[in-house]
Structures are given as structure tokens and as C-alpha cells.
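A.B. asks: I'd like to ask you about the structure that follows.
The values are calculated or read from the model by the stated rules, or taken from the named source; none is laboratory data. Predicted model, so just to flag it, every value in this text is computed and none were measured. Every residue, glycine as well, gets a Cβ built from its backbone with ideal geometry; the counts of neighbours run over all protein chains shown. Surface accessibility is based on the protein's heavy atoms, side chains included, excluding ligands, DNA and RNA. Shrake-Rupley method; radii C 1.70, N 1.55, O 1.52, S 1.80 Å.
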Amino acid sequence: IERPSSIVKELLENALDAGATDISVDLAGGGKERIRIGDNGSGIEPGDVPRAFDRHATSKILTVDDLYDVRSFGFRGEALPSIAAVSRVEMATRRRGDVAGTRIVVENGRILENEAVGCPEGTSITVSRIFESLPVRRKFLRQDATEQGHCLDILVRVLLPHRHARAVVTAAGRTLLEIPRTESLLERIVLTLGSDLRNHLVPVGQETSGMRLSGSAPPGRSSAER
């Protein structure tokens with residue numbers, strides 16, 4: 001975890017792995033003061049909530065063979081413990097169909113609270129006091145606008161290909177970015193990055209040895225450049 005955008009990336013990938021179709025992101029102080037990410041994903045089983053903050057604990061790898069067929073982002077089990085080691089993390093999560101959810105507070109790697117609560121289905125995580133226990137690292141963070149720019153860049157990069165997920169990003173009560181669900185990747189790109197791109201992109205793709213790559217790129221460039 002090097003800066004607020006690193007936290008945003010890890011939590012965003014967890015939300016997508018949980019099957020979220022609606023994601024909300026709120027940034028305070030460019031992400032330096034507080035990051036809150038909420039999703040409508042599958043949630044976490046109550047007994048697994050404290051385990052999620054143990055290093056190398058993951059529900060995404062069940063057998064050795066799963067390592068050769070990884071279809072998720074955060075399969076190493078390092079995201080939440082790494083974040084909680086340098087900040088205060090408050091998480092509320094409820095699985096679909098469960099009557100109650102679970103709230104946990106972890107600060108500098110220590111669990112302070114773990115209780116049953118009423119909360120919406122999905123997961124909401126608030127990260128604050130970022131690098132408060134590591135003032136040397138906090139000193140190297142840039143101005144709010146710069147750190148916020150890094151967070152927005154990560155959000156666009158991660159969310160752009162996931163057409164099924166809608167995302168809204170806010171800061172100080174103002175909407176900074178809204179990424180809608182779309183039927184096609186091109187439409188997603190146009191609605192997110194600007195309509196000027198519509199007539200300046202062509203579909204590209206390549207498939208070989210069980211791997212497939214698809215996307216959009218400006219015409220007239222080589223495959224390697226794309």
C-alpha cells in the first residue's frame with residue numbers, strides 16, 4: 001500500500017470479485033483522509049469476516065489446481081490485512097438472504113470491534129487514519145488534487161472493461177465520475193471518456209493458446225502498439 005489509490009484499487013477489485021453491479025466510492029481529502037467503497041456484491045459470511053484480515057487468508061483459492069485457473073483479482077489474501085496494517089478499517093457486510101450482517105473495526109492490524117449489525121446486502125468499507133502510524137510515509141503523499149487524480153485514474157482503468165458494473169464516485173458531496181452499465185465496451189469507453197472517441201476507435205482482438213484479448217484502439221496502429 002503506497003498511496004490512497006493503492007487502497008482504492010484493492011477494494012475495487014474485491015467488490016468486482018464479489019459480483020457487484022453497483023459500486024459507490026467517496027473520497028475525502030483526495031483519499032488521504034478517508035476512502036469509502038460500498039457495493040451490492042455477495043457479502044462475507046460472519047465467521048469469515050475476521051479471517052479476511054489474516055494474511056494469506058482467501059476464499060478464492062480452495063485447491064492447488066485453482067492456482068492454474070485463476071479467474072479473480074485478489075486471490076492472495078493480502079489486500080485487507082495490508083490496508084488494515086497502515087490505517088483504520090471499518091467494514092459492514094451482509095450476505096444475500098441473511099437476516100443480519102457483521103461489522104468489524106480493525107486498526108493498525110488489531111481487531112477492535114466485531115459484532116452483528118443490521119446493514120444492506122453487500123459490503124461497505126471505510127478506510128481512515130491512513131498512514132497515521134507511519135508519518136514518514138504520509139509525508140510523501142502529494143496534494144489532495146494529485147492523490148484524487150491517482151484514485152480516479154485507477155477507478156477508470158479497473159472499471160472500464162467491466163460493463164456490468166455501475167459506479168459513482170463522489171467527493172465533498174460532488175459527483176466526480178459516473179460510469180454507467182453498457183451493452184458494449186465501445187459504449188462504455190465513449191460514455192466514460194468522451195463522445196469524441198466514438199469515431200476514432202476500432203475493435204481489436206487476438207486469440208491464441210486458450211487466451212483471448214479484446215478491446216478498442218485508434219486505427220492505423222500495429223498490433224504491438226495496440
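A.B. asks: Enumerate the pairs (first residue in region 87-106 and more than 14 Å from Ala52 (Cβ to Cβ); second residue anywhere and in a loop (DSSP other than H, G, I, E, B) and open to solvent by less than 10 Å² (accessible area, probe 1.4 Å)) with beta-carbon separation below 6 Å, excluding pairs fewer than 6 apart on the same chain, so at least 6 apart or on different chains.
C.D. replies: That search, which allows pairs on different chains as well, returns Ser87/Ile130.
A.B. asks: Between residues in region 110-121 that are of a type in the set (S, T, N, Q) and residues that are not in a strand (DSSP E or B), which pairs lie under 8 Å by C-beta distance while being six or more apart or on different chains?
C.D. replies: Cβ pairs passing all conditions: Asn114/Val49; Asn114/Pro50.
A.B. asks: Give me the pairs, please: first residue somewhere in region 27-40 and over 25 Å from His164 (Cβ atoms), second residue anywhere and open to solvent by 10 Å² or more (accessible area, probe 1.4 Å) and among the β-branched types (Val, Ile, Thr), beta-carbon distance under 9 Å, and either six or more positions apart or on two chains.
C.D. replies: Partner pairs satisfying both residue conditions: Gly30/Thr146; Arg34/Thr126.
A.B. asks: Could you please find all residues in region 141-176 being closer than 15 Å to Leu12 by Cα and without any contact (Cβ under 8 Å) to a residue 60 or more places away in the chain?
C.D. replies: Leu152, Val156, Arg157, Leu160, Pro161, Arg163
A.B. asks: Can you confirm whether region 23-34 contains a residue that is among the basic types (Lys, Arg) and within 23 Å of Val117 (Cα to Cα)?
C.D. replies: Yes, region 23-34 contains a residue that is among the basic types (Lys, Arg) and within 23 Å of Val117 (Cα to Cα).
A.B. asks: Among the listed residues Val49, Val70, Val25, Val64, which satisfies the condition of being in contact with a helix residue (DSSP H, G or I) (Cβ under 7 Å, 6 or more places away or on another chain) and of a type in the set (A, V, I, L, M)?
C.D. replies: It is Val25.
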